[in-house]
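Reviewing the structure listed below.
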Amino acid sequence: MRKGALFTLVLAIGLAGLSAFMARGWILNQAAPATPQEQVAVAATTVVVASKALRFGDPVTAAALDAVAWPAGAVPPGSFRTVEDVFKDGADRVALRPIEAYEPVLAAKISGSGEKATLSRLIEGSLRAVTIRVNDVVGVAGFVLPGDRVDVVVTRRPENAEPVADIVMQNIKVLGIDQDIDEAKNKPTVAKAVTVEVTPEQAQKLALAQQVGQLTLALRNEGNSAEAKAPTVEVSDLTMAARRAGPVVAGSAPRGADLPAVTVVRGLEATREEVAVEPRSPRAFSAAPAKPLPLTPRAPTVGDGTPLAELKPTAAK
């Protein structure tokens, strides 16, 4: 019994040692450094990134930049390989758009050699910048910020008519609030003017809309760019009763929920019975007073309706 137990113990110790040796070899194999050829394939170049966050108008200096390793097959277009490439002309540069820390610095996000940070650098292609005068209500209580998308609503009063409201344009970009064009701004500010980016035709419409009525900005969801179909809104559309009743046609009777009804109770069940209404023409209501009906005196009668004059006296017994 002792020899068998000793043999079993020795066998168990041997198997445990073999397992530990095999596990150690597997771990070392997984942690082995990559070969030089693999390292060259992964990081073959450098790209200049911002070492700190830059906002619109901030000076771009060598202290704010850094060159880091970057995959050769994923170099962003317009990037710089070294910090010296950014200042090869020897002139200062400024940020035209927000650049976050460790984000690649692109030529489109910084000014040219010696140029200033101006609004004209932010306008895309053939678009234009137009300024709209606003107040705390028109400007959505100051929650419209640079970079947001808005719709423009004009409220006007046609000649000899009630006021109407129309959406003149949708999904236009806000470039600046007053004289602030920093898209990284996130604090609401009540402004007096909003500058938007529009096409030349939209610029004409905005200029005309400001002359014929009052403009209102409608803030859009940043992920919603679909164009909404919105008809002209009139004063009559402001009440739910007008929407529910629809146009009034002479000689027509009400239908559906507008019909008068009575509640009929039969035992424990109650039902709603609609009462038909006879169509009436507009002439049914006349301002002329109704003629009084002639009054004819009636002869006195007894309880059974027999006229008192027809009764005959009877002799007393």
Condition met for Lys229 (of a type in the set (Lys, Arg) and not in a helix (DSSP H, G or I)): yes
Leading residue by the ranking (nearest to the chain's Cα centre (by Cα)) among those in the range 68-85 that are buried (at least 17 other Cβ atoms within 10 Å of the Cβ) and under 22 Å from Gly112 (Cβ atoms): Ser79
Some residue of the range 155-169 being among the aliphatic types (A, V, I, L, M) and part of a loop (DSSP other than H, G, I, E, B): yes
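Read-outs: derived from the displayed coordinates by stated rules, not from any lab. Since the structure is predicted, the reported quantities are computational estimates derived from the model, not experimental observations. Neighbour counts run over all protein chains shown; Cβ positions are idealised from the backbone, glycine included.
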